[in-house]
1. Any idea which of (1) closer than 20 Å to residue 376 by Cβ; (2) within 14 Å of ligand 1 (Cβ to nearest atom); (3) surrounded by fewer than 23 Cβ atoms within 10 Å (Cβ to Cβ) is the one residue 12 doesn't satisfy?
2. Evaluate the following for residue 486: is it surrounded by 13 or more Cβ atoms within 10 Å (Cβ to Cβ), away from ligand 1 (no atom under 16 Å from the Cβ) and farther than 30 Å from residue 367 by Cα?
3. Given the structure, is residue 315 free of Cβ contacts under 8 Å to residues at least 12 places away in the same chain and either in a strand (DSSP E or B) or touching a strand residue (DSSP E or B) at 6+ places or on another chain (Cβ under 8 Å) (or both)?
4. Please give the number of the condition residue 337 fails out of (1) within 30 Å of residue 138 (Cβ to Cβ); (2) touching a strand residue (DSSP E or B) at 6+ places or on another chain (Cβ under 6 Å); (3) surrounded by 16 or more Cβ atoms within 10 Å (Cβ to Cβ).
5. Please enumerate the residues belonging to segment 237-267 that are in contact (Cβ under 8 Å) with a residue 60 or more places away in the chain and touching a helix residue (DSSP H, G or I) at 6+ places or on another chain (Cβ under 7 Å).
6. Among the listed residues 448, 454, identify the single one that is modelled with pLDDT of 95 or more, within 16 Å of ligand 1 (Cβ to nearest atom), under 30 Å from the mean Cα position of the chain (by Cα) and in a loop (DSSP other than H, G, I, E, B).
7. Can you confirm whether residue 555 is outside the structural domain of residue 56 (by TED's automatic domain parsing) and in contact with a strand residue (DSSP E or B) (Cβ under 9 Å, 6 or more places away or on another chain)?
8. When residue 276 is evaluated against the numbered criteria (1) part of a strand (DSSP E or B); (2) assigned by TED's automatic domain parsing to the domain that holds residue 199; (3) more than 23 Å from residue 452 (Cα to Cα), which criterion, by number, is the only one it fails?
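The values are calculated or read from the model by the stated rules, or taken from the named source; none is laboratory data. Everything numeric here is computed off the predicted structure, so don't read it as measured data. Here the Cβ positions follow ideal geometry from the backbone for every residue, glycine too, while neighbour counts run over all protein chains shown.
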Ligand code: ADP
Ligand code: MG
């Protein structure tokens, strides 16, 4: 009664299915997984394979090193694709002559809107009575002194409408004034604020955002602008959206410009020759060029750009892996998604950020075959167990997926992984169509990381995986759907008032983000939708009979990203509109969307060589 181990070595995860074959029947004993070590298809994978096998052995009461309990290891003919992702920023906001201050000091002073001419506080005695002024207060001014001077000015009939100060003194000054005025503070380069110019300061009440300065017509009203001038302030107002405080100064030549940054070109070779598209034209233009080039022969990126560098990197990795010359390794697909990237504004005077446009691009290289035989030999040496390279990954995945209760042929599967989204369609007679597309879990992470400006990729993975909540008191949290939970034991004080990820009912990861919960949620969901819903449709169109998704009946989702708490529902929703039944797989009725390929390997081998019927 032989024991067989099916081993699926993926880009991200190595999965094992352990089974016993007895009297023409298969009994699955255990499943396990471990993160893939090294690039898939290389001897470095052995370490991960041994770990995963050991974990499965442990589950059936053996030692991790009891490989002799296994009679045969089947590894997959791994899909010969690798993917990668890069980001390119394509706009930048430039401020000339300091016309705007739009940052978010944590504690601006006062509240309201003030309009007047900018005056240095030291020159306040020269201001004629009746004049409306905005005072500029450098860091060497003590807040008590500043408040005293402003109160004296009020007494003389000078209308101090607001102030801009360098230190974090806004609240301290306002608390000492006879009248509340808006004060924007923590303006680092205060010496750059032009004097004698008309200026508007706005501070919103706590929990609110500015409304006048973030609206072009609001600014037009304050400064009495012509329709032409109003057009020109749009980039300024855009940069101020979402801030609690802001300043706009009207100078004769100053302006805020949004500039397109040349980000290089992408060359797509297809049946109609080479199509050139500029990265700065955005995702829609890039995807249109791709659609016009089907079937794609190869894709190149302009050298010296992030995207170009990334394309050469995947090409080289695949070339090293397979021994093929770089010129024989082709990029077969690409997915571009528009993103908004917070970037420091050039020429800003308080370290302002603005959301710039960017494009995230995922690509995928495909080779003929990976050198799996070499890897099989290495596994045999380490375990002493016979190793065979089993069937094609996509075929094994369908076989495994068909163990999901309620499925039958013809069936399509979507394998949602880390580097690529793969689809296969198995007809009634067992014939298979399959496709690999660029863009999957890693791309979602790249988009979330750029839009939230987070570098810690482990944290980004958690933001993708866990729902958000707001810790409103030590005893209650508000979930992202608005529901409130009360807790038995108080939460740690460092969570109070913050956004957090809810890993389990009583495990929270605090987030250090100065953004509303809704915004973070929207970024997370949009990233998932733009990658996986787009790719699910692109992939299914390619494998469906006559390219028509409506002709599919059953679609089963497998792979790590099918474990996501919202991606499967997004895909199910979208496919329901085409009359297609789609849902997360439940391999062998017990494994969820994991273990499809490993299970398929065991089934295929047992059927072919051990006379096991039906499955
Ligand atoms: P591969 O077949 O390429 O080895 P997997 O099928 O293991 O890849 O999928 C890996 C991807 O699945 C990663 O992008 C990872 O972030 C994602 N993933 C794994 N577990 C979860 C989860 N619980 N929720 C959301 N995504 C997940
Ligand atoms: Mg996989």
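1. For residue 12, the failing item is (1).
2. Answer is no for this residue.
3. no
4. Going through the list (1) within 30 Å of residue 138 (Cβ to Cβ); (2) touching a strand residue (DSSP E or B) at 6+ places or on another chain (Cβ under 6 Å); (3) surrounded by 16 or more Cβ atoms within 10 Å (Cβ to Cβ), residue 337 breaks only (1).
5. 246, 248, 250, 255, 256, 257, 258, 260, 261, 263, 264, 266
6. One residue alone meets the criteria, 454.
7. So residue 555 passes the test.
8. So residue 276 meets the others, but not (2).
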